[in-house]
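Colleague: Sharing a structure, written as structure tokens. Questions coming.
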Amino acid sequence: MELKEKIKELNLAIDSAIVASKGEQESFRIQFLGSKGAVKNLYELLKSVPNESKKEFGQLINDIRSKAEAKLTEAESLFENSTETKRSEIDLSRPEEDTELGARHPLSLVRREIIEIFNRIGYTVSEGPEIEDDWHNFSALNFPPDHPARDMQDTFFITKGDGDPKKEMALRTHTSSVQVRVMENSKPPIRTISPGRVYRNEAISARAHCFFHQVEGLYIDKDVSFADLKQTLLYFAKEMFGEKANIRMRPSYFPFTEPSAEVDVSCTLCHGKGCNVCKYTGWLEILGCGMVDPNVLDACGIDSNVYSGFAFGMGIERIAQLKYRVTDLRLYSENDIRFLKQFKGAY
Ligand code: DAH
């Protein structure tokens, strides 16, 4: 190809080269102006041009070099400037923008508070599985085989055990199953609380849900009395609801405790005077409890002639409802940010 043609071609190539980044700028430099680049190549070819044409061609090649250099300089200033402006825009002394922090879930707040209250009087925390066998959820807790709580209405059954309670699996209906596991696996004295999620086959409404949370309490030792139970629960009520709180116990029935009681706390709003929160009774129900039935102790390998104990169980949603006046259970699991935000900064 003639030198003239080559010069024309290079001219076009320089014009159409796209230099839109620092990387492209460097490849442009290497391709056209580098020591083995296209312009250098033209100067080589100039050597074999007859003397009388050298001036003319030399001029053309010089022009081409200037054109390539101009394009390179322009690109350099463009990218140089852009990084310079960016750098100068960053003010390293400026304080960071606030990151919006989330809030703890009200049920986590209440669970933690319950744990702390019982930790202070020597209770440890124990946990058990949410998928539980019939033995731990019912049989060891002295539920007769035909007890209505085993009914399809209440329990989410998973597998049938063909008569073996350790093979029949269900979602646990209460955290009392954990007290069985603790008694089977440790020796008295036992002082433990077991927070966790439980499941019941109920239609979801403001007042009922198919899953909710409980905390179970268990104390086993020699000579544990009902008076110890009452005192422990009074301590809990005062820590949770304030020094003014009082409790009362009403006789009740649970298969795993004898005697059994339900416990009310004096209304957290009117302190017993009567209001619409306590339906003008002055009291609010908070938990079930009782002395552990000797049948349960024996089923779990603890000698009921030597040891006695008490147990109690409460709903975390219920305590949260009384503390924060949340009257619709569904709010706890709907993740509505307007609800959750209200617990910002709460301890
Ligand atoms: N497990 C009971 C329930 O889910 C609550 C309960 C009552 C637990 C009395 C106890 C207890 O430990 O003694 O309704």
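The values are calculated or read from the model by the stated rules, or taken from the named source; none is laboratory data. Just so you know, these numbers come straight off a predicted model, no measurement behind them. Note: ideal-geometry Cβ built from the backbone for every residue, glycine included; neighbour counts use all protein chains shown. The area values use the complete protein model at the heavy-atom level, side chains included, leaving out ligands, DNA and RNA. Shrake-Rupley method; radii C 1.70, N 1.55, O 1.52, S 1.80 Å.
Colleague: Where in region 258-293 does the amide nitrogen come within less than 12 Å of the point 7 Å from the Cα of H147, taken along Cα to Cβ?
Modeller: Only 258, 293 pass the distance filter.
Colleague: I would also like to ask the following. Can you tell which of A237, S252, C300 lies farthest toward the positive end of the dipole of region 106-343, using +1 and -1 charges on the Cβ of basic and acidic side chains (Lys, Arg; Asp, Glu)?
Modeller: A237
Colleague: What does a probe at T327 reach in region 266-297, counting residues whose amide N is under 19 Å from the point 7 Å along Cα→Cβ?
Modeller: From region 266-297, the list is 267-286.
Colleague: Continuing with the same structure: Shape call for region 106-343 from the C-alpha gyration tensor, a ≥ b ≥ c root eigenvalues: rounded (a/c under 1.5), prolate (a/b greater than b/c) or oblate?
Modeller: oblate
Colleague: Just order 109-121, 167-179, 272-284 by mean Cβ neighbour count inside 10 Å, highest at the front, would you?
Modeller: Top to bottom by mean Cβ count within 10 Å: 167-179, 109-121, 272-284.
Colleague: When the solvent-accessible surface of protein heavy atoms is calculated with a 1.4 angstrom probe, in what order do D15, D134 fall, highest first?
Modeller: Reading off the accessible areas and sorting them downward yields D15, D134.
Colleague: With the chain treated as a Gaussian network of Cα nodes joined by springs under 10 Å, which of R197, R29, R325 yields the largest mean-square fluctuation?
Modeller: Judging by the Gaussian network model, the answer is R29.
Colleague: Spelling out what I want: for every residue of region 90-95, take phi, set θ = phi - 60°, compute 6.51 cos²θ - 1.76 cosθ + 1.60 (Karplus), and round to whole Hz; glycine and proline get x.
Modeller: 7, 9, 5, 8, 6, x
Colleague: Still on this structure, I have one more. Taking 35 Å as R0, compute the FRET efficiency from the Cβ-Cβ separation of K238 and C275 and round it to 0.05.
Modeller: Calculated transfer efficiency: 0.95.
Colleague: Okay, next question. Near the amide H of Y123, under 5 Å away, which other amide H atoms are found, from residues 5 or more places off or on another chain, if H is placed in the peptide plane?
Modeller: Sorted by chain and number, the residues that satisfy this come to none at all.
Colleague: Treating the beta-carbon of each Lys and Arg as +1 and of each Asp and Glu as -1, no other charges, what is the dipole magnitude of region 2-88 about its Cα centre, to the nearest 20 debye?
Modeller: 200
Colleague: Distance between the C-alpha centers of region 94-121 and region 7-22? Whole Å please.
Modeller: Region 94-121 and region 7-22 have Cα centres separated by 63 Å.
Colleague: Just order 89-99, 234-244 by mean Cβ neighbour count inside 10 Å, highest at the front, would you?
Modeller: 234-244, 89-99
Colleague: Which residues does a label at R104 reach in region 312-347, if reach means a backbone N under 16 Å from a point 7 Å past the Cα toward the Cβ?
Modeller: Only 316-317, 319-321, 323-324, 340-347 fall inside the zone, counting backbone N under 16 Å.
Colleague: Helix-only mean residue ellipticity at 222 nm, the chain, DSSP H runs n ≥ 4 weighted -39,500 (n - 2.57), per residue, nearest 500. What is it?
Modeller: -12000 deg cm²/dmol
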